[in-house]
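Participant: One structure, as C-alpha cells, below. Some questions next.
The values are calculated or read from the model by the stated rules, or taken from the named source; none is laboratory data. Source: prediction; values computed, not measured. No Cβ is skipped: glycine too gets one built from the backbone with ideal geometry, and neighbour counts run over all protein chains shown. Calculation scope for accessible area: heavy atoms of the full protein, side chains included, ligands and nucleic acids excluded. Shrake-Rupley method; radii C 1.70, N 1.55, O 1.52, S 1.80 Å.
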Amino acid sequence: MERDARIYVAGHTGLVGAALVRELDRRGYRNLVLAERARVDLREQAAVRDFYRETRPDYVFVAAAKVGGILANDSYPADFIYDNLMIATNLIHGAYEQKVEKLLFLGSSCVYPKFAPQPMQEADLLSGPLEPTNQWYAVAKIAGIKLCQAYRRQYGCNFIAAMPTNLYGPGDNFDLMTSHVMPALLRKFHEAKQADSPEVIVWGSGQPRREFCHVDDCAAACLHLMGVYDGEEIVNIGVGNDLSIRELAEIIRDIVGFQGEIVFDTGRPDGPPIKRVDTGVINALGWQPRIELEQGVRATYDWYVSYKADHRG
Ligand code: GFB
C-alpha cells in the first residue's frame, strides 16, 4: 500500500479495527478513511454506495461486524446472521462498484466445522457441520468469503479473506453477557478481587481448548497479507498453541492476584471442544506472531484497569 493511499478501516472503533488504525498510524499511513456508525449504517446498501462514492478508498479492511461470545451468538441468531450478511455484502459489492484496489475481509475461526481435524486448515472449510451456538455468525462470514472469491472470479477483484483465531486485547468488549471469554474472565476476577469474593464462576466445564491471538498481532498479520497475498483461498491467522479454559482461568487468576476459588458452571455451553487454526500458510508468507499469551493478558489487564479508572460506570 502506498503511503498516501486512501485506506478505509470499516469498524475502526472495534477490537480489530482500532488495532488496525494503531498499526497503520505506527507505519506512517496518514490518509485513513474512518466513519462512525452514525455516519454510515453498513447494513444499508445505498448508504454504503454513497459513502464509497464520497470517500473513494483505494484499500478496504472489513473489520466491521456484529460480534460476541458464545452466549450472545446463541441468544441473538437473527441479529448475528442478518447484520453480518448485510455488512459483508454491502462492503464487498460496493468495493467492486468503486473499483477498490484491494480489500481484506476478516472472518473468524468459527467458520470451520465443530469437529474439524485440529489444527484447522483452510481446506477444512465447509467439510462438516458448524458449531450450533455460532452457526449464524459463521454462515454470514462464510458468505463473505464466497463473495470475495466470486467477485475475484467474475470481475477480477483483488479481494482476500483472513480467518483469525480467538482475539483479545485493549478495546475489547467487557460486558459479561455479550463478551468473549478473555475479557469476561479478566473482569470477573478483577471484580471478585475488589469485592473480596470467595469464588469466580467460569462457564462450562473448563475443558474446551482455545487459541488466543493478541489483536495487535492480528492487525500486523492483516497488513502483511494486504501487502503480499493476492490469492483466492482464505488464510488463517493464529499463534500455533492453545490452552484449556481452566488453564486460562488459572493464568488470569494469578495475574489479577485473586485468592478465592474457581467454580465451573456446567449449565453454560462449552461450544467446540477445541478450536485451533493451522498457521502454515501465513507463516510461509513470512508472518509470525510476536506477543506471548501471558505477556498479552497482563498488558490487557493493565489496560482494562486503567480504562476502568478513566471511565467510571
Ligand atoms: O470466548 P467464547 O464466548 O466463544 O467462549 P467461543 C469460549 C469458551 O470459554 C466457552 C467459556 O467454552 C465458554 O463456555 N467461558 C467460560 C466463557 N467462562 C466464560 C465467560 O464468562 N464468558 C464467555 N463468553 N465464555 C466464539 C464465537 O466462540 O469464538 C464467536 O461464538 C467468534 O462467533 C469467536 O467466532 C472467535 O470461542 O466458544
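Participant: Using beta carbons and a limit of 7 Å, which pairs, at least six apart or on different chains, have the first residue in the range 235-247 and closer than 14 Å to LEU285 by Cα and the second one assigned to a loop (DSSP other than H, G, I, E, B) and open to solvent by 30 Å² or more (accessible area, probe 1.4 Å)?
Facilitator: From the range 235-247, the pairs are VAL235/TYR229; ASN236/ASP278; GLY238/ARG276.
Participant: Pick from the range 123-144 the residues that are buried (at least 18 other Cβ atoms within 10 Å of the Cβ) and hydroxyl-bearing (Ser, Thr, Tyr): which of them is farthest from the ligand (Cβ to nearest atom)?
Facilitator: So the residue we want is THR133.
Participant: Any idea which of (1) closer than 30 Å to GLY227 by Cα; (2) of a type in the set (Lys, Arg); (3) more than 19 Å from the chain's Cα centre (by Cα) is the one ARG298 doesn't satisfy?
Facilitator: Condition not satisfied by ARG298: (1).
Participant: Name the single residue that is nearest to the ligand (Cβ to nearest atom) among those in the range 231-262 being open to solvent by 50 Å² or more (accessible area, probe 1.4 Å) and closer than 30 Å to VAL305 by Cβ. If you could, list the steps in order and put the result at the bottom.
Facilitator: To start, the set of residues in the range 231-262 that are open to solvent by 50 Å² or more (accessible area, probe 1.4 Å) comprises 232-233, 241, 246-247, 250, 253-254, 259, 261.
When the remaining residues are screened for being closer than 30 Å to VAL305 by Cβ, the result is 241, 246-247, 250, 253-254, 259, 261.
Details: ASN241: 15, ARG246: 9, GLU247: 12, GLU250: 13, ARG253: 13, ASP254: 17, GLN259: 19, GLU261: 15 Å.
Checked the range 231-262; the qualifying residue nearest to the ligand (Cβ to nearest atom) is ARG246.
Participant: Looking at (1) within 19 Å of the chain's Cα centre (by Cα); (2) on the phi > 0 side of the Ramachandran plot, find the lone condition where CYS213 falls short.
Facilitator: Evaluating CYS213 over (1) within 19 Å of the chain's Cα centre (by Cα); (2) on the phi > 0 side of the Ramachandran plot leaves (2) as the failure.
Participant: Among the candidates TYR8, TYR52, TYR29, single out the residue that is open to solvent by less than 30 Å² (accessible area, probe 1.4 Å) and assigned to a loop (DSSP other than H, G, I, E, B).
Facilitator: Working: TYR8 fails: assigned to a loop (DSSP other than H, G, I, E, B); TYR52 fails: assigned to a loop (DSSP other than H, G, I, E, B).
When all the criteria are applied, what remains is TYR29.
Participant: Condition check: open to solvent by 40 Å² or more (accessible area, probe 1.4 Å) and within 15 Å of the ligand (Cβ to nearest atom). Does ILE70 satisfy that? Talk me through it step by step, then tell me what you get.
Facilitator: Values: open to solvent by 40 Å² or more (accessible area, probe 1.4 Å): yes; within 15 Å of the ligand (Cβ to nearest atom): yes.
Yes, satisfied.
Participant: Could you give me the residue pairs with C-beta distances under 8 Å whose first residue belongs to the range 202-224 and is in contact (Cβ under 8 Å) with a residue 12 or more places away in the chain and within 24 Å of VAL9 (Cβ to Cβ), whose second residue is aromatic (Phe, Trp, Tyr) and more than 12 Å from the ligand (Cβ to nearest atom) wherever it lies, and which are 6+ apart or on separate chains?
Facilitator: These pairs meet every condition: ALA220/TRP287; ALA221/TRP287; CYS222/PHE61; HIS224/TRP287.
Participant: Another question, if that's okay. What do you reckon, is ALA18 hydrophobic (A, V, I, L, M, F, W, C), on the phi < 0 side of the Ramachandran plot and in contact with a Gly (Cβ under 9 Å, 6 or more places away or on another chain)? I'd like the intermediate steps shown before the answer.
Facilitator: Working: hydrophobic (A, V, I, L, M, F, W, C): yes; on the phi < 0 side of the Ramachandran plot: yes; in contact with a Gly (Cβ under 9 Å, 6 or more places away or on another chain): yes.
Here the answer is yes, as ALA18 does meet what is asked.
Participant: Test of understanding: among TYR29, TYR76, which residue is at pLDDT 95 or above, under 27 Å from HIS180 (Cβ atoms) and either in contact with a Lys or Arg (Cβ under 9 Å, 6 or more places away or on another chain) or of a type in the set (Phe, Trp, Tyr) (or both)?
Facilitator: So the residue among TYR29, TYR76 that is at pLDDT 95 or above, under 27 Å from HIS180 (Cβ atoms) and either in contact with a Lys or Arg (Cβ under 9 Å, 6 or more places away or on another chain) or of a type in the set (Phe, Trp, Tyr) (or both) is TYR76.
Participant: Does the range 78-95 contain at least one residue that is of a type in the set (S, T, N, Q), in contact (Cβ under 8 Å) with a residue 40 or more places away in the chain and either in a strand (DSSP E or B) or more than 16 Å from the ligand (Cβ to nearest atom) (or both)?
Facilitator: Yes, some residue in the range 78-95 is of a type in the set (S, T, N, Q), in contact (Cβ under 8 Å) with a residue 40 or more places away in the chain and either in a strand (DSSP E or B) or more than 16 Å from the ligand (Cβ to nearest atom) (or both).
Participant: Is it true that HIS190 is farther than 22 Å from ILE237 by Cβ, surrounded by 20 or more Cβ atoms within 10 Å (Cβ to Cβ) and more than 10 Å from the ligand (Cβ to nearest atom)?
Facilitator: Yes.
Participant: Within the range 103-110, does at least one residue satisfy the condition of being among the aromatic types (Phe, Trp, Tyr), away from the ligand (no atom under 13 Å from the Cβ) and farther than 24 Å from LEU176 by Cα?
Facilitator: Looking for residues that are among the aromatic types (Phe, Trp, Tyr), away from the ligand (no atom under 13 Å from the Cβ) and farther than 24 Å from LEU176 by Cα, one finds at least one in the range 103-110, hence yes.
Participant: A further question follows. Among GLU211, GLU199, which is within 10 Å of the ligand (Cβ to nearest atom), touching a strand residue (DSSP E or B) at 6+ places or on another chain (Cβ under 9 Å), modelled with pLDDT of 95 or more and not aliphatic (A, V, I, L, M)?
Facilitator: Numbers: GLU199 fails: within 10 Å of the ligand (Cβ to nearest atom).
On inspection, the qualifying residue turns out to be GLU211.
Participant: Right, another one. What about ALA116, is it under 18 Å from ILE237 (Cα atoms), in contact with a helix residue (DSSP H, G or I) (Cβ under 6 Å, 6 or more places away or on another chain) and away from the ligand (no atom under 13 Å from the Cβ)?
Facilitator: yes
Participant: Name the single residue, out of those in the range 120-138 being outside any loop (DSSP other than H, G, I, E, B) and polar (S, T, N, Q), that is farthest from PRO272 (Cα to Cα).
Facilitator: My answer is GLN135.
Participant: Against the conditions (1) closer than 30 Å to PRO269 by Cα; (2) modelled with pLDDT of 95 or more, where does ASP58 fall short? Just the number, please.
Facilitator: (1)
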